[in-house]
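One structure is given here, and the rest of the page talks about it.
The values are calculated or read from the model by the stated rules, or taken from the named source; none is laboratory data. All values derive from a computational prediction rather than experimental measurement. Backbone-built Cβ (ideal geometry, glycine too); neighbour counts: all protein chains shown.
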Amino acid sequence: MITQMRVKGLIFDPYNNAYIVVLRDEENSDMLPIWVGKSEASAIGLALENVTAPRPMTHDLMKSFLETFDAKIISVVITDLNENTYFATIHLMYEDSEYTVDSRPSDAIALALRTSAPIFASEKVIKKQSSEELEQWLENLKPEDFGKLDT
Amino acid sequence: MDSAKQQNEPSELVALTVKQVLDDGNTDTRIVVLKNDDASVTLPIWVGSAEGNAIRLAMERVVTPRPMSHDLIRSFADHLGVRIERVVITDVKGSTYYASVAFASKGVHRTLDARPSDAIALALRADCPIYATQDVLNRRTAVHLDAWINKIDTKNIEPQQA
């Protein structure tokens, strides 16, 4: 079972000095937070804001590479989470064959946003992630951290 | 025999290798130091810290638990049967360098515009040659940088390895 997700936003996590990509399903009933590094967050942020950088960023190069060779991204799927390591797959159509390429979720999402490809998450990863890490993270959050989120 | 060599390696291109990635102590940037075969020509290119780290990982042949962005490009190329042929530092405007990545698939050749940091990170992962045009080398951000880099080199050995 997979659920289609949308990128709702990027939040700074002052605890881990990292960013959280927040994915939600259509009904806003499931939420999937994914922790990513600063440069990964900026690759996603630029796409979210529709900012075109003066020079092609890494995922722009990826996109133009795939376009040049007529490979189309059908979808990306966040497949698993295992001890803070996230797994995703990118599904490509090339010359009438489908290819599945292993990737980090941050690359998969940055690319999906640039190619308007749908993002899915497996049921397994939604259950694991929302129950485990987010609650823990929220519990550890002190009131003063909320101020930092705005900046 | 010279003509055969020239076909493969156009005379206006100079083959370079990545010698090191230095930390610029004053800013959160990295300096990718490229040199030609006899080390008579140095081309320093300033890149962001994430870009510099991507190049370092490839230089040190570090296998990360999950594929990094340039590993993913390499993986796309492998899946599609596309070969990464070479990368060229093609131009410099002010302090911005331009590069291209040449791909080949079933006799079809395509060249894509890229930042030098992406081009170099990709070249190291694909084991393909890196070139700069003679024109870029002539106009590179001044020769006095060589001296400056040599100074950094000895002074900042520890931060480099950290």
- So residue A:33 clears everything in (1) closer than 29 Å to residue B:103 by Cβ; (2) modelled with pLDDT under 95; (3) in contact with a Leu (Cβ under 6 Å, 6 or more places away or on another chain); (4) not β-branched (Val, Ile, Thr) except one condition, right? Which one? (1)
- Item | Conditions (1) under 23 Å from residue B:55 (Cα atoms); (2) under 16 Å from the mean Cα position of the chain (by Cα); (3) at pLDDT 95 or above; number of the one not met by residue A:38 | (3)
- Query: Is one or more of the residues making up segment A:64-72 crowded, with 19+ Cβ neighbours inside 10 Å and under 21 Å from residue B:98 (Cα atoms)?
  - Reply: yes
- Residue that is farthest from the other protein chains (Cβ to nearest Cβ) [pool: residues in segment B:59-81 that are aliphatic (A, V, I, L, M) and within 20 Å of the chain's Cα centre (by Cα)]: B:59
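Out of A:85, A:58, I need the residue that is within 14 Å of chain B (Cβ to nearest Cβ), surrounded by fewer than 20 Cβ atoms within 10 Å (Cβ to Cβ) and at negative phi. Which one?
A:85
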- Residue count, segment A:65-82, condition within 13 Å of residue A:112 (Cα to Cα) and either within 11 Å of chain B (Cβ to nearest Cβ) or in a loop (DSSP other than H, G, I, E, B) (or both), comes to 2
- Checked against (1) within 13 Å of chain A (Cβ to nearest Cβ); (2) assigned to a helix (DSSP H, G or I); (3) at pLDDT 95 or above, residue B:56 satisfies every condition except (1)
- Since residue B:76 meets every condition but one in (1) of a type in the set (Phe, Trp, Tyr); (2) assigned to a helix (DSSP H, G or I); (3) touching a helix residue (DSSP H, G or I) at 6+ places or on another chain (Cβ under 6 Å), which condition does it not meet? (3)
